[in-house]
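Notes for the one structure printed next.
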Amino acid sequence: MAMDFAIARLPRIEFGAGVRHRLPALAAGFGRRVLLVTGSRSLLQGPFWPELEAGFTAQGLDVIGHRISGEPSPEAIDAAVQRYRGRNVSVVVAIGGGSALDAGKAIAGLLLPGNPVLDHLEGVGPERPYRGPALPFIAAPTTAGTGSEATRNAVLSTHGAGAYKKSFRDERLVAEYAVVDPDFLATCAPGVIAGNGMDALTQLLESYLSLRANPFCDALALDGMAHARDSLFTLYRDPGNAAARSGMAYASLLSGITLAQTGLGSVHGLAAPLGAFFPIPHGVACGTLVAAATAVNIRALSERDPGHPALARYAVVGRLLTGRDALDDGEARAALVEQLEAWTGLLDLPTLDRFGITAGDHPRIVANSRGSSMKTNPIVLHDAEITAILEARQSGADVG
């Protein structure tokens, strides 16, 4: 692999149990009026809000609250921009899951320019260059999965006729601070931990296998996968385990850093239309597909490009995730697929039919899967191979 690479801008990172207490002071460094973007309920009705609210008050901040229900749409972003323009907002702070962070990122990017987000949404509309400027943005994730706190893209979705899931993407949208407090994970339900955790693992795996992989991100991706291996199932069984919370929060952060630099692969290529066309959470879509996509990618590479370096990389991950260092490359790749299948079952990740998806929907999903993520998959998959990924998880069929 060539050693030449470039790393795009990253946020300043505050990581560790209790760093949430630094949020008000960090926000105050940008001015007195804060637009606080959260989810609809979980933060404001949970145990962490009273202390955060008291911290904002102690800093003398004027906090305007904005709630996001579900995944943000372009219309929701435009409405928020029009609502808060002219209110002298100094900084946008988003606390929540990936949807809240993506919404906050997009709003911060457009409050000053004031134009519709559709102007810049990739693959939709005119795709005009984003000129900025963006307001300062602080991201504090309360889940471990999307890594949105470290990325430059805000993922927006529409549903119904002409549905899509696309990104507003620019380096100026990167957060000034990513405040990653593992304690937030203590309130996550097991299903959220499972879906988001497998999303983080998938992002790390796909970053490592990406056509744009580089040595800097390789080190982060491998370290993140090791932490996910050691932390996800402990956290799933016991959200009170502080070490597991830290391990998964760290893995998720690294997944955001690596995906922003390298791109992703076939799992995320499929997750976009699945999330747009059906009520399937993003993390669940990734978690339920990753074993099948790994098997299909390995098979396609073995048949059409057996000398491809990605095959050796799959073997590295197989040995890492199984802990079986003595396996040869072929055995390690097979063990990787088996391990991912086993984790999918242990985490009780649902099959696609649970969300109203049928085999008749597969052609439309495949036709809309070739976005930016699919372009960095280690091999160009044929339509039949992409369909095979969906078929393997349509009703839980074996993917090996």
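The values are calculated or read from the model by the stated rules, or taken from the named source; none is laboratory data. Remember, it's a predicted structure, so these values are computed and weren't measured experimentally. Cβ sites come from the backbone with ideal geometry, for glycine too, and all protein chains shown count toward neighbours. These area figures cover heavy atoms from the full protein model, side chains too; ligands, DNA and RNA do not enter into them. Shrake-Rupley method; radii C 1.70, N 1.55, O 1.52, S 1.80 Å.
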Practice prompt. Please report the orientation-averaged projected area of the range 1-148, defined via the convex hull of its C-alpha atoms, in nm².
Written response: 10.8 nm²
Worksheet, complete the sentence: Residue by residue through the range 205-212, the couplings from Karplus 6.51 cos²θ - 1.76 cosθ + 1.60 with θ = phi - 60°, in Hz, x for Gly and Pro, are 4, 5, 4, 5, 8, 4, 4, 9
Practice prompt. Treating cross-link reach as a plain straight distance, find the aspartates and glutamates whose alpha-carbon is under 16 Å from the alpha-carbon of Lys105, omitting any fewer than eight places away in the same chain.
Written response: Glu71, Glu75, Asp78, Asp119, Glu122, Glu149, Asp170, Glu171, Glu176
Worksheet, complete the sentence: So the angle from the long Cα axis of helix 329-346 to the longest Cα principal axis of the chain, reported in degrees to the nearest 10, equals 50 degrees
Worksheet item: Can you put Trp343, Trp49 in order of accessible area, largest first, using a 1.4 Å probe?
Response: Trp49, Trp343
Worksheet item: Principal axis lengths of the chain from Cα atoms, whole Å, largest first?
Response: 61, 45, 44
Worksheet item: Amide H of Ser73: which non-local residues (sequence gap of 5 or more, or other chain) have their own amide H closer than 5 Å, using H built in the peptide plane?
Response: Ser157
Worksheet item: How do Lys375, Lys166 stack up against each other in accessible area, from largest to smallest, with a 1.4 angstrom probe?
Response: Lys375, Lys166
Discussion item. Going by Cα centres, the range 367-391 and the range 250-274 are how many Å apart?
Written reply: 15 Å
Worksheet item: If you line up the long axis of helix 215-237 against the longest principal axis of the chain, both from Cα atoms, how many degrees apart are they, to the nearest 10?
Response: 90 degrees
Fill in: Under 5 Å, built H, 5+ apart or other chain: amide partners of Leu112
Leu135
Worksheet entry | Amide H within-cut-off set for Phe15, under 5 Å, with H built and near neighbours excluded | Val180
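Among 88-96, 296-304, 357-365, 3-11, how do they line up by average Cβ neighbours within 10 Å per residue, starting with the highest?
88-96, 296-304, 357-365, 3-11
Provide Rg over Rh for the range 159-215; use the alpha carbon set for both Rg and the Kirkwood Rh (inverse mean inverse pair distance).
On the way: Rg = 15.7 Å, Rh = 15.0 Å.
Over the Cα atoms of the range 159-215, Rg/Rh equals 1.05.
Compare the peptides 383-389, 13-19 by average per-residue count of other Cβ atoms within 10 angstrom and give them in order, highest first.
The packing order, highest mean first, is 383-389, 13-19.
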Fill in: Karplus 3J(HN,Hα) series, Hz, for the range 155-160 with 6.51 cos²θ - 1.76 cosθ + 1.60 (x for Gly, Pro)
8, 10, 10, 10, 10, x
Discussion item. Ignoring ligands, DNA and RNA, please state the percent of accessible area on the chain from carbon and sulfur, probe 1.4 Å.
Written reply: 52 percent
Response to the item:
Inverse of <1/r> over all distinct C-alpha pairs of the range 29-96, i.e. the Kirkwood Rh in Å, gives 12.8 Å
Fill in: Probe 1.4 Å, protein heavy atoms only - accessible area per residue of the chain in square angstrom
38 Å²
Worksheet, complete the sentence: One finds the C-alpha centres of the range 42-103 and the range 159-226 to be spaced, in Å, by 21 Å
Item to complete: Assign unit charges at the C-beta atoms only (+1 for Lys and Arg, -1 for Asp and Glu), then state the dipole size of the chain relative to its Cα centre in Debye, rounded to the nearest 20.
Response: 1200 debye
Worksheet item: Which angle between 0 and 90 degrees, to the nearest 10, do you get for helix 74-84 versus the longest principal axis of the chain when only C-alpha atoms count?
Response: 20 degrees
Discussion item. Could you order the peptides 132-140, 344-352 from most to least packed, using the average number of other C-beta atoms within 10 Å per residue?
Written reply: 132-140, 344-352
Worksheet item: So what are the ³J(HN,Hα) numbers for the range 187-194, from phi and the Karplus equation (6.51, -1.76, 1.60; θ = phi - 60°), rounded to whole Hz, Gly and Pro as x?
Response: 9, 7, 6, x, x, 5, 4, 5
Item to complete: Report, in deg cm²/dmol and to the nearest 500, the calculated mean residue ellipticity at 222 nm for the chain, where each DSSP H run with n ≥ 4 adds -39500 (n - 2.57) and the sum is divided by the residue count.
Response: -15000 deg cm²/dmol
